[in-house]
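Below is one structure, written out as structure tokens, with a few remarks after it.
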Amino acid sequence: MTSETRTPVCVLGAGLIGGSLLRAAVSAGYPAWGYNRSGTAAQAEGFDVSADLPAVLRRAAEADALIVVAMPMPAVDHLLEDIATFAPHCALTDVVSVKGPVAELVRKHGLAARYVGGHPMAGTNESGWAAGNSALFHNATWAVGVDAGTHPRPWRRVVRLALDCGSVVVPVLAAEHDRAVARISHLPHVLAEALAAVGAAGGELALGLAAGSFRDGTRVAATAPDLVRAICEPNAAALLEVLEEALTLLGAARDDLRARGSLGLLVDAGHDGRTDYETVERWEITNIRPGDHNWLEQLHDAGRRGGVITRID
């Protein structure tokens with residue numbers, strides 16, 4: 001596909017994810033521009049970013065751009081209100097880390113017909129425009145929604161953007177996405193915060209002795225606290241379920257250590273889980289055409305069974 005056939009992209013938010021997406025889209029040949037409350041840093045690097053949200057959205061409406069919401073969850077309601085006012089007919093996606101609450105707000109503002117949920121599984125513990133990187137999504141997994149009512153044209157645009165940014169796509173339902181990321185993204189944030197707090201409570205000696213296991217286990221605790229709350233708290237129901245599961249495992253480990261001096265059960269289960277993660281196999285989804293009969297159901301089933309999309313016609 002040549003750069004002339006790439007349709008415009010409008011990114012709302014130029015932090016780590018939004019800024020990286022804007023860079024990646026430009027690198028892939030998309031006509032791309034964005035909004036940020038302060039666009040000066042991006043502008044200084046030559047990127048087309050403005051702090052005038054109505055003007056950015058009017059431009060998106062005129063160009064029939066794919067709008068990407070790349071702001072934290074607390075800002076999404078306000079952004080969708082403005083999108084409904086200035087660019088209600090544009091295809092719409094997002095890169096927010098929780099899908100169900102975003103979809104509810106999309107429906108509230110009457111934008112569901114052109115919306116496709118998205119979530120690139122990529123990031124660092126840093127934030128802001130300066131932390132962005134056009135290669136952030138290379139070889140990453142990008143979740144793309146296949147909920148009932150999803151229309152093929154905006155779905156294709158979202159998938160094509162994800163692929164052109166270097167990712168592979170996993171089709172997924174919003175509710176199943178939120179339960180999954182509670183386990184593999186939001187709970188790790190909570191556990192990292194707890195580990196960092198316990199380590200710091202040991203004072204200078206403990207921190208002075210800390211090495212790789214503490215560093216790696218607490219990496220995401222370096223994320224700005226407001227951003228961690230914005231990532232995790234909107235997924236509270238699913239996070240509470242897996243937090244209870246983790247506390248049950250830790251409680252059983254504590255009891256085993258006290259009664260028998262052993263952590264064997266927890267360590268064995270954890271080792272098996274890590275091995276499963278390292279050996280999980282993906283397979284390529286083919287022969288499912290967007291818009292065909294039961295295409296959403298077929299993609300949902302394939303995604304649940306480990307299928308990924310690596311190209312789209």
- Message: Rounded, prolate or oblate, given the Cα gyration tensor of the range 18-147, with a/c below 1.5 counting as rounded?
- Response: oblate
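Excluding residue 219 itself, calculate the net charge of residues whose Cβ lies under 14 Å from the Cβ of residue 219, where each Lys or Arg counts +1 and each Asp or Glu counts -1.
Summing Lys and Arg as +1 and Asp and Glu as -1 gives -2.
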- Message: Let me check against my output: what whole-number percent is the relative contact order of the range 35-127, with C-alpha pairs under 8 Å and at least 6 apart?
- Response: 23 percent
- Message: Give me the percent relative contact order of the chain, please, defined on Cα pairs under 8 angstrom at least 6 residues apart.
- Response: 16 percent
- For the chain, the accessible surface attributable to carbon and sulfur atoms (probe 1.4 angstrom, ligands and nucleic acids excluded) amounts in percent to 54 percent
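Compute the FRET efficiency between residue 281 and residue 213 as 1/(1 + (r/R0)^6), taking r as their Cβ-Cβ distance and R0 = 25 Å, and round to the nearest 0.05. Present the calculation step by step, with values, prior to reporting the outcome.
Numbers: r = 28 Å, r/R0 = 1.12.
Efficiency computed from Cβ-Cβ geometry: 0.35.
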- Query: What nm value, rounded to one decimal, do you get for the distance between residue 84 and residue 148 when each label is placed 7 Å out toward the C-beta?
  - Reply: 2.2 nm
- Mind jotting down the distance between the C-alpha centroids of the range 2-60 and the range 130-193, whole Å? 19 Å
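Heavy atoms only, probe 1.4 angstrom, no DNA, RNA or ligands counted: give me 209, 80 ranked by accessible area, highest first. Don't skip to the answer; put the middle values down first.
Numbers: 209 130, 80 0 Å².
The residues order as 209, 80, largest area first.
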- Note on the structure: One finds, for residue 305 and residue 195 with R0 = 51 angstrom and r their Cβ-Cβ distance, a FRET efficiency to the nearest 0.05 of 0.95
- Contact order normalised by residue count of the range 244-313, Cα under 8 Å, 6+ apart, percent: 24 percent
- Query: Given the options 250, 240, 111, which has the most mean-square fluctuation in a GNM of the chain, springs set between C-alpha atoms less than 10 angstrom apart?
  - Reply: 250
- Message: Can you order the peptides 215-224, 17-26 by their average number of other Cβ atoms within 10 Å per residue, highest first?
- Response: 17-26, 215-224
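In Å², what does the accessible area per residue of the chain work out to with a 1.4 Å probe?
Working: 16020 Å² over 313 residues.
Here the per-residue accessible area is 51 Å².
Give the shape of the range 101-160 as rounded, prolate or oblate, defined through the alpha-carbon gyration tensor: a ≥ b ≥ c are the square roots of its eigenvalues, a/c under 1.5 means rounded, and otherwise the shape is prolate if a/b is larger than b/c and oblate if not.
Details: a/c = 2.73, a/b = 1.75, b/c = 1.56.
Taking the square roots of the gyration eigenvalues as a ≥ b ≥ c, the range 101-160 is prolate.
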- Tell me what the chain gives for mean residue ellipticity at 222 nm when only DSSP H runs of n ≥ 4 count, each as -39,500 (n - 2.57), the sum divided by the residue total, rounded to 500 deg cm²/dmol. -15000 deg cm²/dmol
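Calculate the FRET efficiency for residue 297 and residue 183 from the Cβ-Cβ distance with a Förster distance of 22 Å, rounded to the nearest 0.05. Intermediate values should be presented prior to the final figure.
Details: r = 24 Å, r/R0 = 1.09.
About 0.35, to the nearest 0.05.
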- Sum up the charges of everything whose Cβ sits under 13 Å from the Cβ of residue 288, counting Lys and Arg as +1 and Asp and Glu as -1, but leave residue 288 out. -1
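Counting Lys and Arg as +1 and Asp and Glu as -1, what is the net charge of the other residues whose Cβ lies under 14 Å from the Cβ of residue 58? Walk me through the intermediate numbers first.
On the way: positive: 59; negative: 52, 62, 64, 82.
Value of the local net charge: -3.
Could the peptides 128-141, 59-72 be put in order, highest first, of the mean number of other beta-carbon atoms found within 10 Å of their residues? Present the calculation step by step, with values, prior to reporting the outcome.
Numbers: 128-141: 17.2, 59-72: 21.1.
Taking the mean over residues of other Cβ atoms within 10 Å, the ranking is 59-72, 128-141.
The values are calculated or read from the model by the stated rules, or taken from the named source; none is laboratory data. None of the values given here were measured: they were computed from a predicted structure. Reconstructed Cβ throughout: ideal geometry from the backbone, glycine too, with neighbour counts over all protein chains shown. When the accessible area is computed, the model is the full protein with side chains, heavy atoms only, and any ligands, DNA or RNA have been set aside. Shrake-Rupley method; radii C 1.70, N 1.55, O 1.52, S 1.80 Å.
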